[in-house]
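Participant: Here's a structure for you.
The values are calculated or read from the model by the stated rules, or taken from the named source; none is laboratory data. Quick caveat, the model's predicted, so the values are computed rather than measured. Positions of Cβ are generated from backbone atoms using ideal geometry, with glycine treated the same way; all protein chains shown enter the neighbour counts.
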Amino acid sequence: MKKIKFLVAITLLVGLLTACGSNNKQGETASAEGNKVYRTLDEIKESGKIKVGVFSDKNPFGYVDENGEYQGYDIWLGNRLAKDLGVDVEYVSTEAANRAKFLETGKVDLILANFTVTDERKEVVDFALPYMKVSLGVVSPDNALIKDVEELNGKTLIVAKGTTADIYFTKNHPEVKLQKYDQYTEAYNALLDGRGDAFSTDNTEVLAWAIQNPGFTVGIESLGDVDTIAPAVSKGNDTLLNWINDEIKALGEENFFHEGFEKTLKPVYGEEVDADSLVVEGGEVNGK
């Protein structure tokens, strides 16, 4: 009798676990790979909120101000997307190396964190149309200015983990010693403290940082290919991806991204950076 009761209990437990396993979290849909989750456009609308992964320490693109509010160019876009979708927005702070993982695990619906489009990243996330173009830059102290990649031989270059700079130098310049940090704040502090000789990330960012930090200059303003930055969604989330693409095209018709540059970036750059050198309007790069 005890044995029968035990078998019944085990059967019920297995059935319960199976039932739980067959249902994803409320409003999430399993992707084709089976180990990723995402919410469709309709599910996001029904929930009344879209979760957006952004940087909290990458001024002027995504950062938290003195009042604890998210600000920046990426936030400018995120707020408008949420408004036109008819939902609230919840910003989730992410680090560069976690962006794809946050999408894969369903922690966020969308990434707007200066995500550069690469072939490798296309294998794990789906990119929407671009809204910015960028290449790499290198900033260093004025009294030891780095003006050429060859000058980094024997020097220590600071990078943020999982960024385009990390990937580029690892692949193309293995002779350069890399000092890697999880957060941009940590990387910049390392440069300020003299723990590295230079720091590399998107040229748009280091140009802004150098303007705000006297004693440092971007000696290498453009390195590698000119890439694009775009929103990213979970692989296979076509409903959300298609809506964002249509939205970016519509926003281009009202010059939305140039307006965003004027409101969020020009106060930092001044006349140092021309909007057309950075902004991609309506998803069209060089009119294509």
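Participant: Restricting region 194-209 to residues that are surrounded by fewer than 22 Cβ atoms within 10 Å (Cβ to Cβ) and modelled with pLDDT of 95 or more, which is nearest to LYS147 (Cα to Cα)?
Facilitator: Residue satisfying both the conditions and the ranking: ASP197.
Participant: Looking at ASN189 and the list (1) crowded, with 22+ Cβ neighbours inside 10 Å; (2) among the polar types (S, T, N, Q); (3) closer than 17 Å to PHE55 by Cα; (4) not assigned by TED's automatic domain parsing to the domain that holds GLY252, which single condition is not satisfied?
Facilitator: Every condition holds for ASN189 apart from (1).
Participant: OK, next. Look through region 247-275, keep the residues that are without any contact (Cβ under 8 Å) to a residue 60 or more places away in the chain, part of a loop (DSSP other than H, G, I, E, B) and at negative phi, and return whichever of them is surrounded by the fewest Cβ atoms within 10 Å (Cβ to Cβ).
Facilitator: Ranking the qualifying residues of region 247-275, first place goes to GLU271.
Participant: Another question, then. Name the strands (runs of 3 or more DSSP E) wholly inside region 64-162 in which the number of residues that are more than 12 Å from the chain's Cα centre (by Cα) and surrounded by fewer than 16 Cβ atoms within 10 Å (Cβ to Cβ) is 2 or more. Before you say what the answer is, go through the steps one by one.
Facilitator: Numbers: elements: 88-93, 125-127, 132-141, 156-160.
In region 64-162, the matching strands (runs of 3 or more DSSP E) lie at 88-93.
Participant: Between a first residue in region 41-57 that is in the same structural domain as TRP243 (by TED's automatic domain parsing) and assigned to a helix (DSSP H, G or I) and a second residue that is of a type in the set (D, E, K, R) and modelled with pLDDT under 95, which pairs have beta carbons less than 9 Å apart while being 6 or more apart in sequence or on different chains?
Facilitator: Pairs that qualify, where the first residue is in the same structural domain as TRP243 (by TED's automatic domain parsing) and assigned to a helix (DSSP H, G or I) and the partner is of a type in the set (D, E, K, R) and modelled with pLDDT under 95, are GLU43/GLU28.
Participant: Could you tell me how many of the residues in region 44-62 are crowded, with 24+ Cβ neighbours inside 10 Å, touching a strand residue (DSSP E or B) at 6+ places or on another chain (Cβ under 6 Å) and among the basic types (Lys, Arg)?
Facilitator: Result for region 44-62: 0.
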